[in-house]
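First the structure, in the form of C-alpha cells, and then the observations on it.
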Amino acid sequence: MKAAVLSLILMAVSHFAFAVEPGPATVEEVLAVVGTTPILASDIELAALVAILEPEPEEPAAAYRSRLLDARIRLELQFRDLEESGLLFRLEVDAARARDVLAARGGGPEALAPRLAAVGLSWPDLEELALRVAAADAFVQQRLRARVSVSLEEIEAAYEELLVSEIAASGEPPPPLTAVRDRLAALLTERKLNLEIERWLARAAARQEVTRFSR
C-alpha cells in the first residue's frame, strides 16, 4: 500500500514539474552568415550601442537595424577577405584606438560596460568588433588610398561641372580655381577612394557566400 501511494506521489510530482517547466526561450538569433561566420542578433545590439552607423532623423527602428546588419555584413566580408588573403598580418592595425573610439561613441567605458552586460555582451565582444573596424580602415588607408590620384585635368573638369556651370545660372561670378583647387582635389580623391572600396567589397563578396535571414 505504501509503495502504491509513494508511486502515485512521485507520478504527481513528476507531472507537476513537467507542467510548470518553462518553454523554450531564444538565447541567440542568427541574422546572416558570411562564409561560415554567423552574424548574430547580439552583433547588431553591439553595433547599435557603439553607433557604427548614426540613425537618420525619424528613422524607424527596423530600418536602422537593417542598415546596421548591412554594415556588419560588409565589415565581416572585408575582414574575412583580409584574413584569408594574409593581408591582415601585413597591415599596421591599431585595434586599441578603434576600441577607444567605439567606446567613446557608446558613452565611454564606464557608461558602456553596464549597457553591454544588460544585453549579454562584454568587453571582449567590443574588442572583436574593434579589430574588424581597425583592419578594414588600415587596408583602406594604407593600400587603397595609395592607388588614388587626381590629375589637374580632372580638377579643372570638376571645377567647370560643379562650380562654373552651377553658379553661372545664378548670375554670380564663380570663385577662382586656385581658391577651390584643394577642396576639389579632396572631393575627387574621396570619390575615387569610395569606388576602390566598392570594388574591394565586390571582390570579397564574390569569394564568400552570404546568406541573410533577417531584413
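Bear in mind these aren't lab numbers, they're just calculated from the coordinates by the rules spelled out. It should be emphasised that the depicted structure is a prediction, and the values quoted were computed from it without experimental measurement. All Cβ positions, glycine included, derive from the backbone under ideal geometry; neighbour counts span all protein chains shown.
Karplus-based coupling profile of the stretch 54-64, in residue order and whole Hz: 7, x, 6, x, 6, 6, x, 4, 5, 5, 5, with θ = phi - 60° in 6.51 cos²θ - 1.76 cosθ + 1.60 and x standing for Gly or Pro.
Among all stretches of the chain without exposed GluC sites (Glu not before Pro) (DSSP loop, at most 16 other Cβ atoms within 10 Å), which one is longest? In the chain, the maximal stretch lacking such sites is 93-208. Each residue of the stretch 113-130 was assigned a 3J(HN,Hα) from its phi angle through the Karplus curve 6.51 cos²θ - 1.76 cosθ + 1.60 (θ = phi - 60°); the sequence is 3, x, 5, 5, 4, 5, 10, x, 10, 9, 4, x, 5, 5, 5, 5, 5, 4 Hz, with glycine and proline shown as x. Computed over the stretch 30-147, relative contact order equals 30 percent, with contacts defined as Cα pairs under 8 Å that lie 6+ residues apart.
Tell me the mean residue ellipticity at 222 nm calculated for the chain from its helices only (DSSP H runs of n ≥ 4, each -39500 (n - 2.57), averaged over every residue, nearest 500).
-20000 deg cm²/dmol
Footprinting exposure proxy ranking of Ser85, Ser42, Ser165, fewest other C-beta atoms within 10 angstrom first, gives Ser165, Ser85, Ser42. Using a cutoff of 8 angstrom between alpha carbon atoms and counting only pairs six or more residues apart, the relative contact order for the chain works out to 27 percent. For the chain, a crude dipole built from +1 on the beta carbon of Lys and Arg and -1 on the beta carbon of Asp and Glu, taken about the Cα centre, is about 740 debye to the nearest 20. Remark: the stretch 149-209 carries a charge dipole of roughly 340 debye about the Cα centre, counting +1 on each Lys and Arg Cβ and -1 on each Asp and Glu Cβ. The amide H of Ala32, built 1.01 Å from its N in the peptide plane, has Ile39, Phe213 as neighbours under 5 Å, considering only residues 5 or more places off or on other chains.
Just to verify a number: FRET efficiency for Val164 and Ser85, C-beta to C-beta distance, R0 = 45 Å, to 0.05? Efficiency, rounded to the nearest 0.05: 0.55. Along the charge dipole of the stretch 30-147, pointing to its positive end and built from +1/-1 on Cβ of Lys, Arg, Asp and Glu, which listed residue (Leu82, Ala104, Pro60) has its Cα farthest out? Value computed over the given set: Leu82.
When Lys and Arg each count +1 and Asp and Glu each count -1, what net charge do the other residues less than 9 Å away from Leu40, Cβ to Cβ, add up to?
-4
Within the shell of other residues whose beta carbon sits under 13 angstrom from the beta carbon of Ala202, the net charge comes to +1, with Lys and Arg scored +1 and Asp and Glu -1. Taking the three principal axes of the alpha carbon atoms in the chain, the coordinate ranges are 108, 43, 35 Å, sorted in descending order.
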